[in-house]
1. Just how much of ARG79 is accessible, in Å², when a 1.4 Å probe is used and the result is rounded to the nearest 10?
2. Kindly identify the stretch 1-153 as rounded, prolate or oblate by the Cα gyration tensor criterion: order the square roots of the eigenvalues as a ≥ b ≥ c, call it rounded if a/c is under 1.5, otherwise compare a/b with b/c, prolate if a/b is larger, else oblate.
3. Under the rule a/c < 1.5 gives rounded, and otherwise a/b versus b/c splits prolate from oblate, where does the stretch 72-140 land using the Cα gyration tensor?
4. So what is the relative contact order for the stretch 64-196, in percent, with contacts set as C-alpha pairs under 8 Å and at least six apart?
5. What pairs in LYS13/LYS87; LYS123/LYS194; LYS105/LYS128 have C-alpha atoms more than 29 Å from each other?
6. Please quote Rg/Rh for the stretch 21-87 to two decimal places, taking the Kirkwood radius as Rh and restricting both calculations to Cα atoms.
7. Stokes-Einstein D for the stretch 74-197 at 37 °C, 0.692 mPa s, Kirkwood Rh over Cα pairs, in µm²/s?
8. Tell me the Rg and the Dmax, in Å, that the Cα atoms of the stretch 143-187 produce.
Amino acid sequence: MQKDLSLQLLMEKPITLPGLLFKHYKDLGLSDMQFLILIHIRQFHQEGNQFPTPSDLIARMTNTEQECTQQLKQLLTNRFIEIVEVKGTNEKISEVISIDPLFEKLHMYLNEQSQEKGQDHQKMEEGKLFQRFEEEFARPLSPMEMEMVSMWLDDDQHESHIIEAALREAVVSSRMNFRYIDRILFDWKKNGVKTIEQAKAHGEKVRSHQQTSQRYQRKESTVPKKRHPGYNWLEGDDN
């Protein structure tokens, strides 16, 4: 008999619910009792009962039928469950208690949480960007300069790391002014530069072109030209 019972336990189909639902059902606005009712409805579905009644539910719970009915109405009102009509194999139409709205709410909640985290991360990165500018310029930014950085982010849709890369380019070239940085960003956007790797590759390409041009100019002129590292993004050549 014990062997038969053990076999029955092993063959019993487990309730399948996402673990995230257990973590966030309270955040969705569900009470413990409501969540337990939803679990029971899921279990009844797996047993083949697609429309468990309050009487069916309280047979497995300690609550009264009145309490269970009240909670079911609340679940319907708040659209955690819905009653839908389905057509069976014999063309007979029957009603089913669907908990699909519950999963839809969970999906929406998780999406909102993900977006909020993304926005928080973006704000943090933008805050670091303003701080980086003040560190490199060794002074607080003026309102006009802060507005220009905001325009690069909001209007021109440059990522924070690209703007910081343009700032580093200005530092290396010893041209610490916003017009120069703006020219770099304009050139990068025109050439489809969106990543640090693309910015480096584009810079190397530009410098290679300028070096070739300078070698040609040296052959044509006997007047030596003083060279400095860094590409002049304002004038379009090396200085």
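The values are calculated or read from the model by the stated rules, or taken from the named source; none is laboratory data. Since we're looking at a predicted model, the values are computed, not measured. Note: areas computed on protein heavy atoms with side chains; ligands, DNA, RNA excluded. Shrake-Rupley method; radii C 1.70, N 1.55, O 1.52, S 1.80 Å.
1. 110 Å²
2. Values: a/c = 3.37, a/b = 2.70, b/c = 1.25.
The shape class here is prolate.
3. Cα axes put the stretch 72-140 in the prolate bin.
4. The value is 13 percent.
5. Details: LYS13/LYS87 25 Å; LYS123/LYS194 19 Å; LYS105/LYS128 35 Å.
Distance filter (> 29 Å) returns LYS105/LYS128.
6. 0.95
7. It diffuses with D of about 177 µm²/s by this estimate.
8. Cα radius of gyration and Dmax of the stretch 143-187 are 9.8, 27 Å respectively.
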